[in-house]
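**Student:** Before I ask anything, let me first share the structure, which is written out below as structure tokens.
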Amino acid sequence: MNSQRAPRPRFLRWVLVAAITGIVIVAAVHTVLLPVLVRHRVSQEVARHWAGMIVIDQVRIDYDGPIILEDVSLRDGQGREWAAVRRATLMLANWPGRSPDLVGLELAGAAIRLHREEGAIEAPLRVPEEEDEDQTPLRSLALHDAYVEIVDEDSSHRVVKDISLTAELAKGRYDLRLKGRPPQAPNLLTLAGTLDPNEDRLVIDRVVSDVLKGKIEADIVKRDPPDAPAEYDGKFATDALDLVSLMQTLGLPRERARGQLTLDYRFAYRGGDGLRGNGMFLIDDADLLHVPIITHILERLKLPVGQGLSKSDAGGVFSNKGAVVTFREARLANAVSAMETEPGGAVNLQTEHLDFYVIVVPIEGARKLLKSIPIINLFVHLRDRLTRVHVEGRWSDPPATLIRVEPVKDVRDATLGFLRDMVHTGGEFSRQANQDLRNLFSAMTGEGRE
């Protein structure tokens, strides 16, 4: 006789109820509680940097993989959307676990909307009161298919589209790769650099673009002194940047633009003192036919204004304090004339006020002089062909009040040498003319570019 008894139906029912309850609890935790906790944790982290609200439509959790947030939106107190992300993928360490760390973030389909009111953009950003030193640093960041647009009261327009970004942590620094398409530009702009979060240092060491057809370098250092505004130091340099492409990239008329721009600018920003810096520029084969101040000077001197200006070279060394740009030296030459400013001329970019002296020599007349006299007497006779022009006033003033011809005073030997060289070359900068400006800039900054 079998002594085992069949399980009691009541006991089996309790086992079944317990199993179903466990499944329901696990399902509830997975589908309800964990998404709520994830939303709360993400909202806490975002609130350290964002004074508005965050809305997360859906949370998808994978215990063996990342957490995915869908349709994420950052809004201000008025309900305006400043950022939207179609999908955010969070890569976690120590997951599953009580204290997972975010080590990777991938954003797809992001839209950044900058709301502008009365000409200003003021996003509700926050600066964290203190950083968590024990927090695991983000190892990787990726952004795909993003764009930035400016939103006014009645309209909006995109300023950059097709943006992608990757940042990989290596030896305490982030290696950055950024791509984007400026408005009206057919090709992508690619930027590469490094970010050192420990030293607040951003170095942009390579920019490649089929649009600009040149090279751009930048180095920016940010410091946060105690009880004082942030300070910035850096440099910005371009080499043989295509002016037609630059105008197109900036959304400016490019029909009359031509030539190449080389620029080197070293700057410092100190809060209330504003932006200060020293710079050098070289422009090769530019079209100045439609630059008013140049044509006004030539017309005042009864020199021809025409196609001779369509292939002009220019260069200069300058410094600035805020909006006031002071020229240490500025030169311009073409088939019509050669010009050089006297040191100390200034332009106020904010008030549009000009105040500088220019020494001008007509190229054609001086070339005839060059053929008819011995070279030893050229300086003496060249002085007689020079004109000194004083430009003073707002650049929108009528030429009759803006430009005055004044007697020629003592002319520097360096100025005479440059003007003589331009007569020899027919108004085309020589390699030595460019090198002279580079040397002057090197002396100003204590370092130069090769």
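The values are calculated or read from the model by the stated rules, or taken from the named source; none is laboratory data. Note that the structure is a prediction, hence the values are computed from the model and not measured. Note that each Cβ is placed from the backbone with ideal geometry, even for glycine, and that neighbours are counted across all protein chains shown.
**Student:** Looking at the range 72-102 only, could you name the residues that are surrounded by fewer than 16 Cβ atoms within 10 Å (Cβ to Cβ) and among the hydrophobic types (A, V, I, L, M, F, W, C)?
**Tutor:** A93
**Student:** Any idea how many residues of the range 234-291 are modelled with pLDDT under 85 and aliphatic (A, V, I, L, M)?
**Tutor:** Residues that pass the stated criteria total 6.
**Student:** Of the residues R139, R48, R60, R86, only one is at pLDDT 95 or above and not hydroxyl-bearing (S, T, Y); which?
**Tutor:** Working: R139 fails: at pLDDT 95 or above; R48 fails: at pLDDT 95 or above; R60 fails: at pLDDT 95 or above.
When all the criteria are applied, what remains is R86.
**Student:** Write out, first by first residue and then by second, each pair whose Cβ atoms fall under 6 Å of each other, whose residues are 6+ apart or on separate chains, and whose first residue, in the range 383-408, is on the phi > 0 side of the Ramachandran plot and in the same structural domain as L419 (by TED's automatic domain parsing) while the second is of a type in the set (A, V, I, L, M) and not in a loop (DSSP other than H, G, I, E, B).
**Tutor:** G393/L402
**Student:** Further question: Mind checking which residues of the range 425-437 are crowded, with 19+ Cβ neighbours inside 10 Å and in a helix (DSSP H, G or I)?
**Tutor:** A433, D436, L437
**Student:** Quick one: which residue in S156, S164 is more than 20 Å from S140 (Cβ to Cβ), surrounded by fewer than 17 Cβ atoms within 10 Å (Cβ to Cβ), small (G, A, S) and modelled with pLDDT of 80 or more? Talk me through it step by step, then tell me what you get.
**Tutor:** Values: S164 fails: more than 20 Å from S140 (Cβ to Cβ).
Only one candidate qualifies: S156.
**Student:** Related question: I'd like to verify a number: residues in the range 281-303 that are charged (D, E, K, R), crowded, with 18+ Cβ neighbours inside 10 Å and part of a loop (DSSP other than H, G, I, E, B), how many?
**Tutor:** Taking the range 281-303 first, the residues charged (D, E, K, R) are 284-285, 287, 299-300, 302.
After this cut, where a residue has to be crowded, with 18+ Cβ neighbours inside 10 Å as well, the list is 284, 287, 300.
The next check asks that each one be part of a loop (DSSP other than H, G, I, E, B); those that pass are 287.
Adding up the residues that qualify gives 1.
**Student:** Also, quick follow-up: Does T351 satisfy the condition of being at negative phi, surrounded by fewer than 18 Cβ atoms within 10 Å (Cβ to Cβ) and of a type in the set (V, I, T)? First the steps, then the outcome.
**Tutor:** Numbers: at negative phi: yes; surrounded by fewer than 18 Cβ atoms within 10 Å (Cβ to Cβ): yes; of a type in the set (V, I, T): yes.
In short, yes.
**Student:** Got a sec? Which of D162, D175 is at positive phi and either assigned to a strand (DSSP E or B) or of a type in the set (D, E, K, R) (or both)? Walk me through it before giving the result.
**Tutor:** Details: D175 fails: at positive phi.
Result of the check over D162, D175: D162.
**Student:** List, please: which pairs have Cβ atoms under 8 Å, are six or more places apart or on different chains, and start with a residue in the range 143-168 that is more than 18 Å from E81 (Cβ to Cβ) and end with one that is in a strand (DSSP E or B) and among the polar types (S, T, N, Q)?
**Tutor:** H144/S164; T166/S140; A167/S140; E168/S140
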